[in-house]
Amino acid sequence: MIQPPTALPRAVLDLPAMVEALADHDFGTVFRLAREEAGISFQRLAAECGIKAERVGALARGRGRVESYEKIAVIADALRVPGQLVGLAPRPWETASDPGSLRRRDVLAVGAVGLAATLPDVFPPSVPTRVGTGEVARLRERTARLRRLDDLLGGGDTYRLYAAEYQRTKRLVRESNCTETVGRELLALASEKAQQAGWAAFDGGREREAVSLYRESRSAAEEAGAGDLARNALAYLAYQAAGADPRAAAAIAAHSCDAITAQTPATARALLWERCAWARAVADDPAGTEEALTQARAALDADDAGDRQPAWSAWVDHVELDIMAGRCWTELRRPLRAVPHMARGLAAFDSAHARDASLYSTWLAEAYTTAGEVEEAARVVGGALELADGVASARPRRRIEQVVSALAVEHGTIPAVAELVERTA
């Protein structure tokens, strides 16, 4: 399908100001950014969007708004803005524009994409004058349903959707009228959505954006009095910082666990402790790692683990903990402890969870390498390569490159490794 001359480059679509403007249907800002960042003239925008040039200029100066969904659809098509960014269903060109891009990931994810397309639009073009508990409950349900997309898709696919959801919730916090209680609930929800967007940014290789979103999440959670969410934002920051400054990351993670209270839900406790375990493993602290893993396991085995858990931590279970334990012991070069945990955890994954299975397989391969089972390590990395094909996540690719490079340096003459190096060249 031929691209219109006003199609916005992805880099422009991903600008935070553009994401927020699209979510708010602030097309004056959209047009201004299109001219400033993509060099598209107002005259060209007017011609492709079916709007008079004077009207485009007036909108860019902050005069007037586009309220008609028919006109919004025309603008979205002209600028090649995905429907999800402006509250519309996916546009016809979103699936037809690149016939060669249909890969295994797309087939596996079709159910998830359908989920996103059919979610009710609880964000109307204008902010309601009054927001009550019913609207907050619907927003919370939508957030939980959108989280399921992360099970199947990488951050490269979900980031813009999650970022738009966060910007819309921020707008509700900023502009709607509500009681103090509802206001706190909205702030907590904004914190949760910022974490969701931050994770997608991190997974998609946008690490700077992720840090900013985690910090915004922590600030919103603290203002809302949502201590567990604030601690989780800290744990996210520690997780991301582990590679650059292990000791600082371990300190941040420990601080997030020190603030656990008797009211912190079981899965939230487990999540905080397992991230603390990872930070301690990267900081080369075996005793601290084992202590944190023991605490995480105790949380999942506690009496309150059967109670209703927050949606943002309910996914943490014994499979997840096995994977984390395997990663930690691999990092600490304890393959005899790592391999059973990692193999057991990976056995619970199906092919639809390609990103996670590919990523975690690299730690299994690393553990095999440490144990001297080089051919088995090469076989596992080969499987990870196949799983990562077409997944919009930066993390599996980075990990595969690291493991293959290490194998090539130490065992490049072994036929299985030489073949793997050739495949990844």
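Heavy atoms only, probe 1.4 Å: what % of the accessible area of the chain goes to carbon and sulfur, would you let me know? So the carbon and sulfur contribution to the accessible surface is 51 percent. The candidate values were (1) 149; (2) 366; (3) 141; the one computed from these coordinates for volume of the Cα convex hull per residue in Å³ carries the label (1).
Peptides 286-293, 52-59, 75-82 ranked from most to least packed give 75-82, 286-293, 52-59, packing being the mean of other C-beta atoms within 10 angstrom over each peptide's residues. Residues in segment 249-256 carry Karplus couplings, in order, of 4, 4, 5, 5, 5, 4, 4, 5 Hz; the curve used is 6.51 cos²θ - 1.76 cosθ + 1.60 with θ = phi - 60°, and Gly or Pro positions show x.
Loop-located trypsin sites (Lys or Arg not before Pro) in segment 317-420 (DSSP state not H, G, I, E or B) with no more than 16 neighbouring Cβ atoms inside 10 Å: 333.
Counting only lysines at least 8 places from residue 193 when in the same chain, those with an alpha carbon closer than 26 Å to its own are 170. Between residue 208 and residue 67, the distance separating the two model label sites (each 7 Å from Cα on the Cα→Cβ line) works out to 4.0 nm.
Taking only the C-alpha atoms of segment 176-288, the Rg (one decimal) and the largest Cα-Cα distance, Dmax (whole number), read 14.4, 51 Å. Annotation: per residue accessible area for segment 301-350 equals 52 Å², rounded to a whole number [probe 1.4 Å, protein chains only]. When the chain is treated as a Gaussian network with alpha carbon springs shorter than 10 Å, the biggest mean-square fluctuation among 217, 405, 313 belongs to 405. The alpha carbons of segment 141-233 stretch over 37, 23, 20 Å along the principal axes, in descending order.
Restricting attention to segment 234-327, which chymotrypsin sites (Phe, Trp or Tyr not before Pro) occupy a DSSP loop and are surrounded by at most 15 other Cβ atoms within 10 Å? Don't skip to the answer; put the middle values down first.
Numbers: sites: 236, 239, 273, 278, 312, 315; in loops: 312, 315.
Counting only loop positions with at most 15 other Cβ atoms within 10 Å, the chymotrypsin sites (Phe, Trp or Tyr not before Pro) in segment 234-327 are 315.
Can you pull out the chymotrypsin sites (Phe, Trp or Tyr not before Pro) in segment 149-211 whose DSSP state is coil and whose Cβ has at most 11 other Cβ atoms within 10 Å? Let's see the in-between values first.
Values: sites: 159, 162, 166, 199, 202; in loops: none.
For chymotrypsin sites (Phe, Trp or Tyr not before Pro) across segment 149-211 that sit outside H, G, I, E and B with at most 11 neighbouring Cβ atoms in 10 Å, the list is empty.
The values are calculated or read from the model by the stated rules, or taken from the named source; none is laboratory data. It should be emphasised that the depicted structure is a prediction, and the values quoted were computed from it without experimental measurement. Every residue, glycine as well, gets a Cβ built from its backbone with ideal geometry; the counts of neighbours run over all protein chains shown. Only protein heavy atoms, including side chains, enter the accessible area calculation; ligands, DNA and RNA are left aside. Shrake-Rupley method; radii C 1.70, N 1.55, O 1.52, S 1.80 Å.
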